[in-house]
Amino acid sequence: MITIRNISFCYPDGNRALNNVTIDVQKGSNVAVVGANGAGKSTLLALIVGLHNLMEGQIEIDGKAVGKGTLEEIRKKVGFVFQNPDDQLFMARVYDDITFGPRNFGYPPEKIKELADNALEIMKIGHLKDRAPHKLSGGEKRNVAIAAVLAMAPDVLLLDEPSSYLDPKSRRNFILAMEQLPHTKLIATHDLDLVLDLCDRVIIMNRGEVVADGAPRELFLNEKLMECSGLELPLSLQTRK
């Protein structure tokens, strides 16, 4: 579903955020991307949806190359949940934010309502639909932001630090919801315990490069790899090591 071939990217200040990254993500899989701050995780997700112009290499979504001429089509297939929900929510009501995407896609009213109601149910936030987003807690905003992306019915979900702001119950609800969804998911996160709960594959990045790719538990128990990548052992493995 996602094919990334030899991509590199530099910011205008000269910071080389990605260096010759190659990744394949199969349809329906849950894949995590982890690494210390500055490893390139967020930049990678942004490039997949065309928020930055690709400098080197190629990205394809379901066989379609990401580029200026294909962004509209790509963004119908790929839903991106930003790291900060305040970057994503801007309407007067939660319900208006959740229906914004389907309305802009030109769906008929009955389809918009169906998609919005389904997203509200998945994220268990029906009680928030008439609230003002700017008056919500950080965790509530996070759930609304995820619901707004789900309402666009994408094939692929890109989630940047999705468990941030969530309390333990909301975090568990998020994991349960993601387990039930058939979407292809690429999740950039510092929450390594979430990776163990949700993902069958993890990609470890360090200074813009992929340094390991495999089963989460196996890689997380590699002390040398974790130390070199600036990562700590997940809490759930610390007493079982």
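The values are calculated or read from the model by the stated rules, or taken from the named source; none is laboratory data. The shown structure was predicted, so the numbers you read here are calculated from the model rather than taken from an experiment. In this analysis, Cβ positions are derived from the backbone assuming ideal geometry, glycine residues included, and neighbour counts consider all displayed protein chains.
Here is how the numbers come out for the structure above:
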item: Hits in the range 191-211 (condition: surrounded by 17 or more Cβ atoms within 10 Å (Cβ to Cβ) and either β-branched (Val, Ile, Thr) or in contact with a Cys (Cβ under 9 Å, 6 or more places away or on another chain) (or both)); result: Val195, Val202, Ile203, Ile204, Asn206, Val210
item: Lone qualifier among Leu186, Leu219 - being surrounded by 16 or more Cβ atoms within 10 Å (Cβ to Cβ), in a helix (DSSP H, G or I) and among the aliphatic types (A, V, I, L, M); result: Leu219
item: Of the criteria (1) assigned to a helix (DSSP H, G or I); (2) in contact with a Lys or Arg (Cβ under 9 Å, 6 or more places away or on another chain), which one Leu159 fails; result: (1)
item: Residue in the range 17-36 that is modelled with pLDDT of 95 or more, buried (at least 16 other Cβ atoms within 10 Å of the Cβ), at positive phi and in a loop (DSSP other than H, G, I, E, B) present; result: yes
item: Residue check, Leu136 crowded, with 23+ Cβ neighbours inside 10 Å and either within 14 Å of Gln88 (Cα to Cα) or not small (Gly, Ala, Ser) (or both); result: no
item: Subset of the range 118-133 (residues that are surrounded by fewer than 16 Cβ atoms within 10 Å (Cβ to Cβ) and either out of contact with any helix residue (DSSP H, G or I) (no Cβ under 7 Å at 6 or more places or on another chain) or not in a loop (DSSP other than H, G, I, E, B) (or both)); result: Asn118, Glu121, Gly126, His127, Ala132
item: Residue ID - modelled with the lowest pLDDT, chosen from residues in the range 78-95 that are out of contact with any Leu (no Cβ under 7 Å at 6 or more places or on another chain), outside any loop (DSSP other than H, G, I, E, B) and surrounded by 18 or more Cβ atoms within 10 Å (Cβ to Cβ); result: Pro85
